[in-house]
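Heads up: the structure comes next, in structure tokens.
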């Protein structure tokens with residue numbers, strides 16, 4: 001069974017441990033995916049906006065890209081370490097773009113059997129139409145395979 | 001006829017600046033409006049040049065700030081300061097939020113709110129991303145403290161220099177009216193942030209100060225010289241404010257001196273410099289001065305301000321009128337045109353002489369703190385949100401607006417009360 005796990009870098013242990021409790025992983029192949037979304041950069045653009053415009057200096061642009069790569073690599077490394085005790089075949093992937101869309105695309109391309117991800121952030125209400133975060137909502141609507149949405153501690 | 005024409009051009013220009021049709025920059029919209037004022041005869045060329053020339057101190061101040069911030073950035077000053085903040089947090093995400101707040105307040109106080117918002121935010125973004133913390137609380141903290149701390153010194157916000165030139169208030173008088181309000185605003189903002197993001201920042205991280213500092217600046221001598229230059233410049237600002245010396249001259253002297261150090265150390269990067277020094281900002285400001293002169297000559301600013309302060313009978317109500325009026329208009333458009341209208345109206349006789357100082361100190365506080373309600377003015381923020389949502393971006397800016405709705409009224413209320421008390 002090929003399992004795609006969306007790693008968010010904040011709840012890695014919780015996510016992998018839940019996965020181990022809920023699914024049989026003896027024969028599973030794990031595809032760990034981290035998506036660098038455009039949200040934080042959009043927030044940065046908003047708070048930096050001033051009349052006259054101030055583009056990011058080239059050295060700063062490079063530094064942000066390096067930091068984003070380092071952050072996602074570190075998140076995936078942590079997930080790989082945690083998952084190594086449960087599965088033998090692990091593959092990791094760093095992607096860019098809107099998380100839900102990126103997950104659906106890679107799930108279809110890699111022919112995964114199940115997608116595992118968190119249902120939403122801390123601010124999402126536990127029930128109701130807004131209980132899913134934007135990424136989970138998109139995957140629930142457009143995912144090409146069964147989806148396992150996990151809720152964190154509240 | 002001229003009055004109506006000036007009012008229409010002024011209003012249409014402000015709407016265009018805010019709406020940014022076809023993503024036209026604010027400076028070009030303002031320039032088009034200023035040219036229309038000239039072409040229609042609403043402002044004579046002599047009057048326009050006089051309006052721009054009278055503000056030489058502000059232009060120099062902006063230039064000095066940009067040069068200073070550019071060299072400080074080239075030397076790795078902001079990265080160094082952020083690294084110290086991260087190290088002092090001892091691995092606690094909550095303490096890091098506190099430290100980022102304090103760092104933002106210090107940089108705003110001595111290098112202005114623009115340096116904090118424009119340069120410190122990407123540094124903090126990179127730091128939080130590397131440490132795998134939630135980015136938004138730290139990013140928003142920098143943005144909010146840039147406004148909350150921007151009353152602390154006359155150089156903490158270019159708007160303060162503009163208003164200070166009219167008030168001719170030495171540092172002692174300035175701080176007598178605004179220091180308590182500034183500290184209260186910073187404290188309220190910090191309290192709200194710690195409460196709102198208490199859970200979101202509950203995360204540990206590992207940070208190695210030595211290895212981070214090793215990558216901050218490859219030229220230690222340059223870094224130390226720039227650090228010493230910044231300290232000297234901060235002292236010069238304080239002395240200059242106390243003696244009512246033109247702060248623009250001090251800023252350009254300091255910025256030019258730092259640039260000379262960078263040139264001598266062969267550290268000047270044309271690309272980095274052009275990212276920091278924005279010529280279009282000068283076009284924007286100059287055009288705004290012409291636009292405001294147009295409505296001022298037509299008697300509109302005096303009438304507007306006189307109408308607003310008509311009910312003000314004492315200094316407390318004058319503070320409240322200035323504060324609320326400039327806070328609201330700063331959010332509708334932008335705080336620079338907003339404060340220009342208030343200053344122009346007060347100067348043109350719209351405010352009785354006895355109430356002028358409380359009115360302008362109140363307006364200054366409103367223009368400094370008001371933008372915390374919306375980051376780039378309410379309408380611009382809404383348009384920005386619509387655009388990024390269309391692109392399918394998960395926007396946390398609603399969080400930003402929610403926090404603003406809490407922080408802005410509380411800080412404005414506290415600042416207004418404290419400024420009013422200072423006039424008793």
| Just checking, which of B:343, B:339 is in a helix (DSSP H, G or I), crowded, with 23+ Cβ neighbours inside 10 Å and within 14 Å of another protein chain (Cβ to nearest Cβ)? | B:339
| task | Look at residue A:136 and say whether it is touching a strand residue (DSSP E or B) at 6+ places or on another chain (Cβ under 6 Å), more than 20 Å from residue B:129 (Cβ to Cβ) and within 14 Å of another protein chain (Cβ to nearest Cβ). | result | yes
| request: Find all pairs meeting these conditions: Cβ atoms under 6 angstrom apart; at least six residues apart or on different chains; first residue within the range A:58-73 and under 27 Å from residue A:91 (Cα atoms); second residue surrounded by fewer than 19 Cβ atoms within 10 Å (Cβ to Cβ). | output: A:72/A:94
| Of all residues making up the range B:305-327, the number that are modelled with pLDDT of 85 or more and within 21 Å of residue B:409 (Cβ to Cβ) | 12
| field | Every residue from the range B:125-139 that is at the interface with chain A (Cβ under 7 Å from one of its Cβ atoms) and in a helix (DSSP H, G or I) | value | B:125, B:126, B:129, B:130, B:135, B:136, B:139
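Give the residue, chosen from B:201, B:109, B:152, that is within 30 Å of residue B:258 (Cα to Cα), modelled with pLDDT of 90 or more, out of contact with any strand residue (DSSP E or B) (no Cβ under 7 Å at 6 or more places or on another chain) and assigned to a loop (DSSP other than H, G, I, E, B).
Details: B:201 fails: within 30 Å of residue B:258 (Cα to Cα); B:109 fails: assigned to a loop (DSSP other than H, G, I, E, B).
Matching residue, one of B:201, B:109, B:152: B:152.
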| said: Tally up the residues in the range B:229-241 that are surrounded by 14 or more Cβ atoms within 10 Å (Cβ to Cβ) and over 21 Å from the mean Cα position of the chain (by Cα), please. | reply: 1
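Looking at A:70, A:99, A:83, can you tell me which residue is at negative phi, more than 13 Å from chain B (Cβ to nearest Cβ) and touching a helix residue (DSSP H, G or I) at 6+ places or on another chain (Cβ under 8 Å)?
Details: A:70 fails: more than 13 Å from chain B (Cβ to nearest Cβ); A:99 fails: more than 13 Å from chain B (Cβ to nearest Cβ).
Sole residue among the options that is at negative phi, more than 13 Å from chain B (Cβ to nearest Cβ) and touching a helix residue (DSSP H, G or I) at 6+ places or on another chain (Cβ under 8 Å): A:83.
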| message | Scan the range A:19-33 and tell me whether some residue there is assigned to a helix (DSSP H, G or I), in contact with a helix residue (DSSP H, G or I) (Cβ under 9 Å, 6 or more places away or on another chain), at pLDDT below 90 and surrounded by fewer than 16 Cβ atoms within 10 Å (Cβ to Cβ). | response | yes
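Conditions (1) at pLDDT 90 or above; (2) within 14 Å of chain A (Cβ to nearest Cβ); (3) not in a helix (DSSP H, G or I), marked per residue:
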{"residue": "B:260", "(1), (2), (3)": "yes, no, no"}
{"residue": "B:271", "(1), (2), (3)": "no, yes, no"}
{"residue": "B:288", "(1), (2), (3)": "yes, yes, no"}
{"residue": "B:294", "(1), (2), (3)": "yes, no, no"}
| task | Looking for whichever is under 14 Å from the mean Cα position of the chain (by Cα) and under 30 Å from residue B:78 (Cβ atoms) here; the options are A:135, A:77, A:102, A:67. Which one fits? | result | A:77
| task | Go through the residues of the range B:218-235 one by one and say whether even a single one is in contact with a helix residue (DSSP H, G or I) (Cβ under 9 Å, 6 or more places away or on another chain), modelled with pLDDT of 85 or more and farther than 21 Å from residue B:76 by Cα. | result | no
| request: Looking for whichever is part of a helix (DSSP H, G or I), within 14 Å of chain A (Cβ to nearest Cβ) and under 23 Å from the mean Cα position of the chain (by Cα) here; the options are B:61, B:78. Which one fits? | output: B:78
| query | Restricting attention to the range B:1-39, which residues are away from chain A (no Cβ under 13 Å), touching a residue at least 24 places away in the same chain (Cβ under 8 Å) and either more than 17 Å from residue B:294 (Cβ to Cβ) or in contact with a strand residue (DSSP E or B) (Cβ under 6 Å, 6 or more places away or on another chain) (or both)? | reply | B:19
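The values are calculated or read from the model by the stated rules, or taken from the named source; none is laboratory data. This one's a predicted model, so the numbers in the text were calculated from it and none came from an experiment. Here Cβ is always computed from backbone atoms with ideal geometry, including for glycine, and neighbour counts include all displayed protein chains.
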